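Undergrad: The structure under discussion is supplied below as structure tokens; questions concerning it will follow.
The values are calculated or read from the model by the stated rules, or taken from the named source; none is laboratory data. The model shown is predicted, which means the values in this text are computed figures rather than measured ones. Cβ placement follows ideal geometry from the backbone for every residue including glycine, while neighbour counts extend to all protein chains displayed. Surface areas here come from the heavy atoms of the whole protein model, side chains and all, with no ligands, DNA or RNA. Shrake-Rupley method; radii C 1.70, N 1.55, O 1.52, S 1.80 Å.
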Amino acid sequence: MQSYTTHILTQLKNGYLSIEEAEEQLQGFTDYGFAKVDDEREFRQGFPEVIYGAGKTPEQIVQIFRHLVNKGKTVLATRVAEGAAEKVCREVEGAVYDSAGKTLLYKPEDYELKTEKKIGVICAGTSDIPVAREAEVTIEAMGHQYSSFYDIGVAGIHRLFAQLEEIKKCDVLIVVAGMEGALPSVVGGLVSTPVIAVPTSIGYGAHLNGITSLLSMLNTCASGVTVVNIDNGFGAGYSASLMLRI
């Protein structure tokens, strides 16, 4: 991939930008006062800046979202409340809201799959689906395919075994679980693919809002299991997608 500077200078050379526009864009970000949108992110990391919606006003999300759309980018926003999402969808044609995962996704006309490889997203219980959906929309945004395997936790381990052959066909696995967080260890002991474990804040009192699951996953004896932060479906989906690009 060419550098951001080369990209801007090529546009200048071909007459798509004036000298003033090129000079402004070469700083690598656009300053809106409340946010400095990182225009260079895709050239450094392979994917545009992702909007974290929590704590932002609907107007702020709309402005950043529209900026990235106008740049021709795939645009992903996470942790977006329903009211803010409705405003974005009204003002940006093509923006799609997933209410379960609280994500907004816009795919430009040149969107395409990066590979035929597939990421499996497994969740222990139905209550873990919102975190799984955040991971799945992230995977889609980054140009990859996923297969969903829902409600196959250790309380009924036969449900996992019933889908194990399909699970083994995936190239990377994301395993989302709350309560005691045992499922990633079980899956990690059955497959030869990388496993990304996601603890969730689903559980009773001593679960400590996900701390118990997090510590359980960090202490797994199954090799090849990597752990992300509590409820961080986005981080899991992003990391799994990068693994497929290697």
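Undergrad: Looking at the stretch 152-246, which trypsin sites (Lys or Arg not before Pro) are in a loop (DSSP not H, G, I, E or B) and have at most 12 other Cβ atoms within 10 Å?
TA: LYS169
Undergrad: Checking the table LYS107/LYS169; LYS13/LYS107; LYS73/LYS117; LYS36/LYS107 against a 24 Å threshold on Cα-Cα, which pairs fail?
TA: On the way: LYS107/LYS169 27 Å; LYS13/LYS107 28 Å; LYS73/LYS117 22 Å; LYS36/LYS107 22 Å.
Going by Cα-Cα distance, LYS107/LYS169; LYS13/LYS107 fall outside the 24 Å limit.
Undergrad: Note the angle between two axes, namely the Cα long axis of helix 233-245 and the longest principal axis of the Cα atoms of the chain, as a number of degrees from 0 to 90, rounded to the nearest 10.
TA: 80 degrees
Undergrad: Same structure, new question: For the chain, with a Gaussian network of springs between Cα atoms less than 10 Å apart, report the residue from TYR146, TYR16, TYR32 with the top mean-square fluctuation.
TA: In this elastic network of the chain, the residue with the biggest mean-square fluctuation among TYR146, TYR16, TYR32 is TYR16.
Undergrad: Still on this structure, please answer the following. Would you give the gap between the C-alpha center of the stretch 216-246 and the C-alpha center of the stretch 133-181, rounded to a whole Å?
TA: If we compute the Cα centre of each part, the gap is 12 Å.
Undergrad: Hey, another quick one. Counting only DSSP beta bridges with both residues in the chain, tell me the antiparallel percent, nearest 5.
TA: 30 percent
Undergrad: Rounded to the nearest 0.05, what FRET efficiency do SER192 and CYS89 give with R0 = 45 Å and r taken as the Cβ-Cβ distance? Could you check? Intermediate values should be presented prior to the final figure.
TA: Numbers: r = 41 Å, r/R0 = 0.92.
Computed FRET efficiency for SER192 and CYS89: 0.60.
Undergrad: Right, something else. Set the Förster distance to 35 Å, then compute FRET efficiency between TYR111 and GLU166 from the Cβ-Cβ distance, nearest 0.05.
TA: After rounding, the FRET efficiency stands at 0.85.
Undergrad: Taking 7 Å along the Cα-to-C-beta vector as the label spot, tell me the SER223-GLN145 distance in nanometres, rounded to one decimal.
TA: Inter-label distance under the simple model: 3.0 nm.
Undergrad: Could you work out what % of the accessible surface of the stretch 168-246 is carbon and sulfur, using a 1.4 angstrom probe and leaving DNA, RNA and ligands out of the count?
TA: In the stretch 168-246, the share of accessible area belonging to carbon and sulfur is 59 percent.
Undergrad: Divide by every residue of the chain the summed helix terms, -39500 (n - 2.57) for each DSSP H run of at least 4, and state the resulting mean residue ellipticity at 222 nm, rounded to the nearest 500 deg cm²/dmol.
TA: -10500 deg cm²/dmol
Undergrad: Length gain on complete extension for the stretch GLU59 to LYS71, per 0.36 nm per residue less the alpha carbon to alpha carbon distance?
TA: 2.5 nm
Undergrad: Quick one: order GLU21, GLU93 from most to least accessible surface, probe 1.4 Å.
TA: GLU93, GLU21
Undergrad: Might you report the magnitude of the Cβ-based charge dipole of the chain about its Cα centre, with Lys and Arg at +1 and Asp and Glu at -1, to the nearest 20 debye? Before the final figure, lay out each step's value.
TA: On the way: 21 positive and 30 negative charges, 110 e Å.
That gives the chain a dipole magnitude of about 520 debye.
Undergrad: How many Å² of accessible area per residue for the chain, probe 1.4 Å?
TA: Per-residue accessible area for the chain comes out at 50 Å².
Undergrad: Check the straight Cα-Cα distances from LYS102 and name the lysines below 19 Å, setting aside those fewer than 8 residues away within the same chain.
TA: LYS56, LYS87
Undergrad: Using the alpha-carbon atoms, what tilt in degrees (0 to 90, nearest 10) does helix 82-91 show relative to the longest principal axis of the chain?
TA: 40 degrees
Undergrad: With a 1.4 Å probe and every protein chain left in place, tell me how much accessible area ILE51 has, in Å² to the nearest 10.
TA: Ignoring ligands and nucleic acids, ILE51 comes out at about 10 Å².
Undergrad: Quick one: pull the percent of accessible area on the stretch 57-149 belonging to carbon and sulfur, 1.4 Å probe, ligands and nucleic acids left out.
TA: 44 percent
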